[in-house]
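Notes follow once the structure below has been shown.
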Amino acid sequence: MFRIRQLALAVAVGAGGTAIAAAAAASAAGDAQDPQATAVIKTAEGATVGSLTVDAENGPARVTIKAQGLPPGYHGLHFHQTGVCDANSKDPATGSPFFSAGPHLDTGGHEHAHHTGDLPDLLINTDGTGTATAVSDRFQVDQLFDADGTSVIIHANADNQSNIPDRYTAPDGQKGPDADTLKAGDSGGRTACGILQKP
Ligand SMILES: [Cu+2]
Ligand SMILES: [Zn+2]
């Protein structure tokens with residue numbers, strides 16, 4: 001794949017096509033030129049803190065997120081079942097906004113972190129910015145545009161991906177991840193939400 005991109009870049013430069021060369025260079029850097037899905041990600045207060053693209057042109061979906069204005073550290077990142085980002089929709093159990101987005105997108109009754117919409121954590125740097133790209137073969141772009149749509153959520157805390165080794169024992173004696181962990185990886189409240197849209 002990389003060799004093909006290098007070749008495309010060389011051909012474009014050889015032809016003197018500045019725009020084509022720039023596009024090829026951007027593609028090599030991981031930026032989607034013609035994404036099949038995009039999202040603008042906002043906090044419950046309405047501040048825009050990120051953007052997301054999904055590009056599946058060359059095989060498995062490449063998810064790219066660029067974020068700013070967020071607390072430093074790791075943040076859980078997932079596609080959620082429903083494309084509704086209602087800040088006034090509160091989780092009755094935790095009080096988190098964006099309850100309207102529903103649980104993690106999943107097409108097969110999986111537990112976390114095997115959900116269709118589970119993604120690696122987003123690392124936010126000390127300046128509040130973060131960029132991440134993940135390639136996932138767990139979903140097709142069409143599935144993001146099902147009847148109720150799909151959203152992307154950035155969480156308050158790190159996602160432990162249900163990685164609770166058996167040496168950790170709950171007060172009730174249960175080893176490993178409990179039901180809560182197997183739901184969402186203990187990634188906490190929903191800090192920001194974006195609705196997947198066709199460009
Ligand atoms: Cu989530
Ligand atoms: Zn999940």
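The values are calculated or read from the model by the stated rules, or taken from the named source; none is laboratory data. Model, not experiment: these values are computed from the prediction. A quick note on method: Cβ atoms are made from the backbone with ideal geometry, for glycine too, and the neighbour counts reach across all protein chains shown.
Checking the condition charged (D, E, K, R) and within 12 Å of ligand 1 (Cβ to nearest atom), which residue from D159, D137 passes? Working first, answer last.
Values: D137 fails: within 12 Å of ligand 1 (Cβ to nearest atom).
Going through D159, D137 in turn, just one is charged (D, E, K, R) and within 12 Å of ligand 1 (Cβ to nearest atom): D159.
Among the residues of the range 108-118, which ones are within 16 Å of ligand 1 (Cβ to nearest atom) and either over 15 Å from the mean Cα position of the chain (by Cα) or buried (at least 21 other Cβ atoms within 10 Å of the Cβ) (or both)?
Here is the first cut: in the range 108-118, the residues within 16 Å of ligand 1 (Cβ to nearest atom) are 110-118.
Of everything in the range 108-118, those that are within 16 Å of ligand 1 (Cβ to nearest atom) and either over 15 Å from the mean Cα position of the chain (by Cα) or buried (at least 21 other Cβ atoms within 10 Å of the Cβ) (or both) turn out to be H110, E111, H112, A113, H115, G117, D118.
Tally time: how many residues in the range 97-107 are small (G, A, S) and either surrounded by fewer than 22 Cβ atoms within 10 Å (Cβ to Cβ) or more than 20 Å from I65 (Cβ to Cβ) (or both)?
Residues meeting the conditions: 2.
Spot the failing condition for D86; the list is (1) touching a Ser or Thr at 6+ places or on another chain (Cβ under 9 Å); (2) acidic (D, E); (3) within 16 Å of ligand 2 (Cβ to nearest atom), and only one is missed.
(3)
Applying the selection to the range 41-77, what residues are of a type in the set (A, V, I, L, M) and either buried (at least 18 other Cβ atoms within 10 Å of the Cβ) or outside the structural domain of H112 (by TED's automatic domain parsing) (or both)?
Matches in the range 41-77: I41, A44, V49, L52, V54, A56, A61, V63, I65, A67, L70, L77.
Could you count how many residues in the range 85-100 are within 14 Å of ligand 1 (Cβ to nearest atom) and part of a loop (DSSP other than H, G, I, E, B)?
Adding up the residues that qualify gives 6.
Report whether or not G189 is of a type outside the set (A, V, I, L, M, F, W, C) and more than 13 Å from the chain's Cα centre (by Cα). So that I can check it myself, show each step before the final result.
On the way: of a type outside the set (A, V, I, L, M, F, W, C): yes; more than 13 Å from the chain's Cα centre (by Cα): yes.
Taking the combined requirement at face value, the residue satisfies it.
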